[in-house]
């Protein structure tokens with residue numbers, strides 16, 4: 001039952017609630033999110049980790065007048081429920097239903113669409129500068145996870161934001177504990193203190209006083225203040241980039257969150273502010289808390305047991321076949337290495353890493369770096385496989401051209417999730433890789449028609465040592481044919497005749513062969529071959 005949530009039609013309805021009521025609302029919102037995703041499937045753990053933060057942000061800030069930007073957007077299901085979309089929440093990721101990410105065309109509460117990571121701070125800074133140019137008054141808030149913060153684009157944006165002095169608020173949602181100092185009562189007290197009017201007024205007075213002193217004294221005072229702040233609060237890096245750091249604070253404790261966000265909203269701090277919030281993926285749902293990786297993205301599941309309702313498999317997944325094929329090649333060639341950009345399990349490289357931990361490199365959400373890193377390995381005689389989702393390789397196209405193709409370096413690109421991917425929508429479809437790679441001189445571009453050809457194409461990539469090569473393959477199952485233990489390199493540039501005919505030629509590339517054969521059968525039934 002969700003009696004309080006039932007009364008919430010928009011974020012404005014949360015702004016007159018007491019703190020105890022907000023805590024009740026958070027509990028009901030968590031229940032509703034779990035139930036909805038159990039019906040639709042989708043991203044679960046990330047959304048459960050930001051329930052209290054979502055409630056606090058919509059309570060404290062005047063959305064949609066204040067702009068709230070969610071990085072990636074996969075954690076925004078609770079946000080959608082609070083912003084007038086609850087009646088459609090069980091259409092998530094369905095045709096004509098709600099997007100699994102934020103989308104400008106869907107709601108005025110989604111000021112910036114997303115699905116790929118690390119774009120939020122750049123977009124927020126653009127909005128903040130536009131606000132200042134127009135002379136408007138509004139808050140701009142970007143919520144970004146610690147994983148997304150590892151991407152270079154996020155640092156580029158923070159560096160620019162710190163130099164621009166435009167006021168915006170960055171919420172660092174640290175749910176991996178990777179960069180978090182301890183949280184608790186003392187940390188909450190210090191966070192409230194440094195975001196309070198008294199502290200910021202005293203700080204500004206001291207800065208003005210220091211400006212009247214010799215430059216070396218002013219600079220020494222500024223450096224001492226920055227490092228003292230960083231020592232106690234853990235934010236030296238962000239302060240160096242020019243952001244005012246507040247935190248870390250417990251992202252599941254509204255008694256801590258609300259006063260800090262209210263202070264940040266109300267204080268005229270004349271530069272970007274970063275609020276460091278520590279959360280736990282899957283918070284409040286035991287199966288998701290205990291297995292964050294398995295409950296990051298889920299199919300339909302039983303709420304009571306947590307058991308996911310996966311359909312029985314008729315054939316191995318292409319991802320698994322690729323991983324097994326690469327392992328087989330690496331067993332025979334110690335020069336083969338594999339690179340992933342924060343997607344080891346999604347690409348099957350977690351299996352490769354178990355067998356070859358010293359030859360597997362997860363570079364984080366850094367596709368540009370991944371490609372040039374692979375290029376560097378290739379210059380020294382190694383055989384790098386850059387294993388990246390097709391849609392994410394787009395982010396590194398200049399590196400593919402400049403660092404790999406022009407130099408004719410034998411980097412092998414394995415592009416999972418090629419083609420249309422269904423529920424995740426246009427942002428995750430691997431629609432363009434064949435076009436943008438086939439235009440590059442000397443680039444070998446391959447797509448298997450079935451799992452046997454995938455095995456052979458992995459062997460082909462391993463054998464090509466004088467130019468770049470690629471193989472694209474879809475998400476999902478193969479067709480169920482028998483596989484050899486190891487692939488055999490294919491002849492480059494030569495196709496196969498599958499069926500002879502007299503009047504019609506059907507050309508097929510990739511896994512569409514099965515559909516092409518059905519079309520040929522239909523034509524044959526009409527007397528056309």
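The values are calculated or read from the model by the stated rules, or taken from the named source; none is laboratory data. No experiment lies behind these values; they were computed from the predicted model shown. Counting neighbours? That spans all protein chains shown, and the Cβs are built from the backbone with ideal geometry, glycine included.
Search the range 326-352 for residues being in contact with a strand residue (DSSP E or B) (Cβ under 9 Å, 6 or more places away or on another chain) and part of a loop (DSSP other than H, G, I, E, B), and hand back the single one that is surrounded by the fewest Cβ atoms within 10 Å (Cβ to Cβ).
Checked the range 326-352; the qualifying residue surrounded by the fewest Cβ atoms within 10 Å (Cβ to Cβ) is 333.
Limited to the range 235-250, what total is found for residues that are touching a strand residue (DSSP E or B) at 6+ places or on another chain (Cβ under 9 Å) and surrounded by fewer than 18 Cβ atoms within 10 Å (Cβ to Cβ)?
2
Read through the list (1) touching a helix residue (DSSP H, G or I) at 6+ places or on another chain (Cβ under 9 Å); (2) modelled with pLDDT of 95 or more; (3) surrounded by fewer than 24 Cβ atoms within 10 Å (Cβ to Cβ), then give the number of the only condition that residue 68 fails.
(3)
Rundown of residues vs (1) part of a helix (DSSP H, G or I); (2) over 21 Å from residue 122 (Cα atoms); (3) at pLDDT below 95, yes/no style:
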residue	(1), (2), (3)
25	yes, yes, no
62	no, yes, no
101	no, no, yes
109	no, no, no
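State yes or no: is residue 89 closer than 30 Å to residue 390 by Cα and either without any contact (Cβ under 8 Å) to a residue 24 or more places away in the chain or buried (at least 19 other Cβ atoms within 10 Å of the Cβ) (or both)?
It is true that residue 89 is closer than 30 Å to residue 390 by Cα and either without any contact (Cβ under 8 Å) to a residue 24 or more places away in the chain or buried (at least 19 other Cβ atoms within 10 Å of the Cβ) (or both).
Does residue 387 fit the bill of being in a helix (DSSP H, G or I), in contact with a strand residue (DSSP E or B) (Cβ under 9 Å, 6 or more places away or on another chain), assigned by the TED database to the domain that holds residue 360 and crowded, with 24+ Cβ neighbours inside 10 Å?
Taking the combined requirement at face value, the residue does not satisfy it.
Are any residues in the range 445-486 closer than 22 Å to residue 381 by Cα and buried (at least 23 other Cβ atoms within 10 Å of the Cβ), and if so, which ones?
Correct list: 457, 458, 461, 462, 468, 469, 470, 471.
Examine the range 255-274 for a residue that is at pLDDT 95 or above, in a strand (DSSP E or B) and touching a strand residue (DSSP E or B) at 6+ places or on another chain (Cβ under 9 Å), and state whether such a residue exists.
yes
Here are some residues: 280, 320. Which one is within 30 Å of residue 125 (Cα to Cα) and either at pLDDT 90 or above or assigned to a loop (DSSP other than H, G, I, E, B) (or both)?
280
Can you pull out the residues in the range 503-529 that are over 30 Å from residue 433 (Cβ atoms), in contact (Cβ under 8 Å) with a residue 12 or more places away in the chain and exposed (fewer than 12 other Cβ atoms within 10 Å of the Cβ)?
Hit for the range 503-529 is 503, nothing else.
Looking at 35, 13, which is the one that is over 29 Å from the mean Cα position of the chain (by Cα), modelled with pLDDT of 95 or more and in a helix (DSSP H, G or I)?
13
Kindly evaluate residue 79 against the criterion of being assigned to a helix (DSSP H, G or I), farther than 28 Å from residue 306 by Cβ and touching a strand residue (DSSP E or B) at 6+ places or on another chain (Cβ under 8 Å).
Considered against the rule, which asks whether it is assigned to a helix (DSSP H, G or I), farther than 28 Å from residue 306 by Cβ and touching a strand residue (DSSP E or B) at 6+ places or on another chain (Cβ under 8 Å), residue 79 comes out as no.
Results for (1) buried (at least 18 other Cβ atoms within 10 Å of the Cβ); (2) touching a helix residue (DSSP H, G or I) at 6+ places or on another chain (Cβ under 8 Å), shown as yes or no for each residue.
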position	(1), (2)
79	yes, yes
105	no, no
123	yes, no
139	yes, yes
153	yes, yes
